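Worksheet: one structure, shown below.
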Amino acid sequence: MDTMKKMTRRTFGGGFDVAMCCDLRIAAANSQFAVPAAKLGLGYKLNGLKILVDQVGPAAAKEIFFTARQFDAEEALQMGLVNRVLPPDELAAYVDEYAATITGNAPLTVLAAKTVIGQVLKDADDRDLDLCQQVVDDCFNSED
């Protein structure tokens with residue numbers, strides 16, 4: 001059981017990549033994060049790094065990759081890598097309540113926000129403005 005606790009609080013390498021694909025990230029206060037690519041001689045593709053740069057900015061992304069060092073949940077919060085940091089014993093209950101709050105909202109509005117925010121992060125020439133308008137129209141034309 002103790003080994004499992006250690007595994008679930010560390011987000012390194014591939015686990016870090018998976019976390020970056022999430023819309024929201026909530027960490028236990030005892031979480032540790034790292035991307036050890038520089039120690040392992042690994043390269044990351046543009047799409048993977050763009051997600052990180054969009055999330056934390058170029059300076060923090062460079063520090064994460066150049067140093068390959070571990071950092072804690074509070075630093076991840078300061079960087080913008082996680083949305084919230086909670087005591088480990090409060091994490092599960094908080095996440096359940098947080099998820100219930102989101103699922104209790106109008107689903108088309110949540111989808112529209114996710115879609116439009118995704119388009120905002122793209123270069124202006126690559127944005128699908130018709131899609132943005134469509135998801136907004138879907139909200140107003142629904143019973144939500």
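The values are calculated or read from the model by the stated rules, or taken from the named source; none is laboratory data. These figures come from a predicted structure and were not determined experimentally. Note that each Cβ is placed from the backbone with ideal geometry, even for glycine, and that neighbours are counted across all protein chains shown. SASA here: full protein model, heavy atoms, side chains in, ligands and nucleic acids out. Shrake-Rupley method; radii C 1.70, N 1.55, O 1.52, S 1.80 Å.
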Counting only heavy atoms of the protein chains, get the accessible area per residue of the range 15-144 (1.4 Å probe) and round it to a whole Å² value. 65
Could you give the dipole magnitude of the chain about its Cα centre, charging the beta-carbon of Lys and Arg +1 and that of Asp and Glu -1, in debye to the nearest 20? 940
First check a/c for the range 65-144, with a ≥ b ≥ c the square roots of the eigenvalues of its C-alpha gyration tensor; if it is under 1.5, answer rounded, and if not, answer prolate when a/b is larger than b/c or oblate otherwise. oblate
Other-chain or far-sequence residues with amide H under 5 Å of Gln32's (modelled H): Arg10, Thr11
Magnitude of the Cβ-charge dipole (Lys and Arg +1, Asp and Glu -1) of the range 58-109 about the Cα centre, nearest 20 debye, reported as 300
Of all DSSP beta bridges in the range 3-136, what percent run antiparallel (nearest 5)? 25
(1) 16.6, 57; (2) 14.4, 42; (3) 17.7, 53: which one is Rg and Dmax of the Cα atoms in Å as calculated from this entry? (3)
Across the chain, how many lysine pairs, 8 or more apart or on two chains, come within less than 28 Å at their alpha-carbon atoms? 14
